[in-house]
Amino acid sequence: GPQTLRVAIVYEGEGFQGGARDVDLARLFDGFLADEPEWNRDDLKLGLTLLEFGPLVFERRLTTFSRLGPEERLAHFQGWGEGSLVQRQVALALRKFLSLVFYDRPEVWPAIGYDGPLVEAAR
């Protein structure tokens, strides 16, 4: 799930402390999806399922994504960026959503030069 992808999406120590290893991305991902339309939740669930069974389906390996070692997971996920159309779409969608929930946290904003929502600044 999202927690196994965290290092592939947001690397620790790139310009700020508190990288992906220090964040419960799975919980943030779930929280974000709570307000999303059902079709979007279904699409992302399908994407995660495809990724989980990707080694079996796309590589004919008798294993799943979550059973791979950390470096194999990273290599497998990165390979999806250059794989079939479906693999590329899933990888891009997961990168976007996990990046969104990671960078949507106020404690990250100063490190990326974001002052926060303009609505808050105007108050």
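Tabulated data
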quantity	calculated
Top positive-direction residue, dipole computed over region 31-111 with Cβ charges, set S99, N40, T64	T64
Long-range amide H partners of F53 with built H, under 5 Å	F65
Whole-Hz couplings from phi, Karplus 6.51/-1.76/1.60, listed for region 70-80; x for Gly and Pro	x, 5, 5, 4, 4, 5, 4, 5, 4, x, 5
C-alpha center-to-center spacing [region 28-46, region 49-103] in angstrom	18 Å
Rg ratio (alpha-carbon, reference 2.2 N^0.38 Å) - region 81-122	1.62
Cα Rg, Dmax (largest Cα-Cα span) when computed across region 21-65, Å	13.2, 36
Burial ranking of peptide ranges 75-88, 57-70 (average Cβ count within 10 Å, highest at the top)	75-88, 57-70
Charge dipole (debye, nearest 20) of region 30-121; +1 at Cβ of Lys and Arg, -1 at Cβ of Asp and Glu	500 debye
Per-residue SASA entry for D35, accessible area with 1.4 Å probe, Å² rounded to 10	140 Å²
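The values are calculated or read from the model by the stated rules, or taken from the named source; none is laboratory data. The model shown is predicted, which means the values in this text are computed figures rather than measured ones. Because the Cβ atoms are built from the backbone with ideal geometry, glycine has one as well, and the counts that use them run over all protein chains shown. Areas reflect the complete protein model, heavy atoms only, side chains present, ligands, DNA and RNA absent. Shrake-Rupley method; radii C 1.70, N 1.55, O 1.52, S 1.80 Å.
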